[in-house]
Amino acid sequence: MKRDVIAGVVAVVVAAVATAVAAGIFDRPDRPDRPSAAGEEPAMTPPERLSPSFSDGGNARVASFQGVADALRAVESFTVLVVAGASRDEVARILRVDLSRPVRVDDLWDEDVDHTGWALIDVAGGVLAVEPSGYGDPALDTLRELSADGRAAAVLRDNIQAHERFGAARDGELLFDDDEFMYIEDPAVVPAELRDLFDLVWDDLEGETDVDAVVDSTAVSLAMAEVVTGLTVTAADLTAVSEAPYFWGPSLVYAGSLDE
């Protein structure tokens, strides 16, 4: 059943793409390149970061990501990584993904598998990477490294335990990270640029907030990733990465970094 759902996500995404194309949201400037060392793919220049001020509290921005979030929700687990200012080869190296070692997504559900698979594509201004288990998300030091040297990175993850992570870093410094970000005790730790969006899904376990149940936490995470990185993940991007090959990468590396 799980494999059938994974296979069917492409159909969901294609429907989202058709709707988005009709709305004309895929018009994006060509990505700018910056010089790189000889023999390497050129790294990308990060786009300007978006204003964190939302007159409607961020609802319109979150709504713009609903189609992408719906496609992701069609599978039980996922990790989405967005890195601004990096090339595909750079991201693969930092994640320790072996681009010479392809893997089959279906095989990742075998009980003796000790790794995951990553699909990585270049997008305007950076890289979009996806892994399907929800247990291959990067460790904290890896997230910092992904954002070093003027880059920015954001990760969102949902696994079969319903643990929804959001993490973000910029210029080698961690901005925010939590394994179940909607349930943090003190929202003051959330960066000001993300606070309006975060407040849409924060669930105060002390019962002092009333979260609107219709707000999709995945759509909020995508919107927060956009604010941090300046990159907009579209349904077209998700279609492209879903059709890209997957390559060997380490699994279960995030949990071991939570004591940092």
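The values are calculated or read from the model by the stated rules, or taken from the named source; none is laboratory data. Predicted, not measured: the structure shown is a model, and the values here were computed from it. Glycine gets a Cβ as well: all are built from the backbone with ideal geometry, and neighbour counts include every protein chain shown.
On the basis of being at pLDDT 90 or above, among the β-branched types (Val, Ile, Thr) and surrounded by fewer than 14 Cβ atoms within 10 Å (Cβ to Cβ), does Val214 make the cut?
In short, no.
Find the residue count for the stretch 102-125, including only residues that are over 20 Å from Ala236 (Cβ atoms), among the aliphatic types (A, V, I, L, M) and assigned to a strand (DSSP E or B).
1
If you go through the stretch 118-168, how many residues are under 23 Å from Ile184 (Cβ atoms) and free of Cβ contacts under 8 Å to residues at least 40 places away in the same chain?
Number satisfying all stated conditions: 6.
Which of the residues belonging to the stretch 147-173 are surrounded by fewer than 16 Cβ atoms within 10 Å (Cβ to Cβ) and either of a type in the set (A, V, I, L, M) or touching a helix residue (DSSP H, G or I) at 6+ places or on another chain (Cβ under 6 Å) (or both)?
Matches in the stretch 147-173: Ile160, Ala162, Gly172.
Cβ-Cβ distance below 9 Å, separation of 6 or more or different chains: which pairs start in the stretch 73-99 with a residue that is under 16 Å from Val241 (Cβ atoms) and in contact (Cβ under 8 Å) with a residue 24 or more places away in the chain and end on one that is surrounded by fewer than 19 Cβ atoms within 10 Å (Cβ to Cβ) and among the aromatic types (Phe, Trp, Tyr)?
Val97/Trp248; Leu99/Trp248
Select, from Leu99, Leu81, Leu128, the only residue that is within 28 Å of Asp259 (Cβ to Cβ), part of a strand (DSSP E or B) and either in contact with a Cys (Cβ under 9 Å, 6 or more places away or on another chain) or of a type in the set (A, V, I, L, M, F, W, C) (or both).
Leu81
So Asp112 passes all but one of these: (1) under 25 Å from Val201 (Cα atoms); (2) free of Cβ contacts under 8 Å to residues at least 40 places away in the same chain; (3) surrounded by fewer than 21 Cβ atoms within 10 Å (Cβ to Cβ). Which condition number does it fail?
For Asp112, the failing item is (1).
Of the residues Val253, Val241, Val220, Val228, which single one is of a type outside the set (Gly, Ala, Ser) and either outside any helix (DSSP H, G or I) or surrounded by fewer than 20 Cβ atoms within 10 Å (Cβ to Cβ) (or both)?
The conditions single out Val253.
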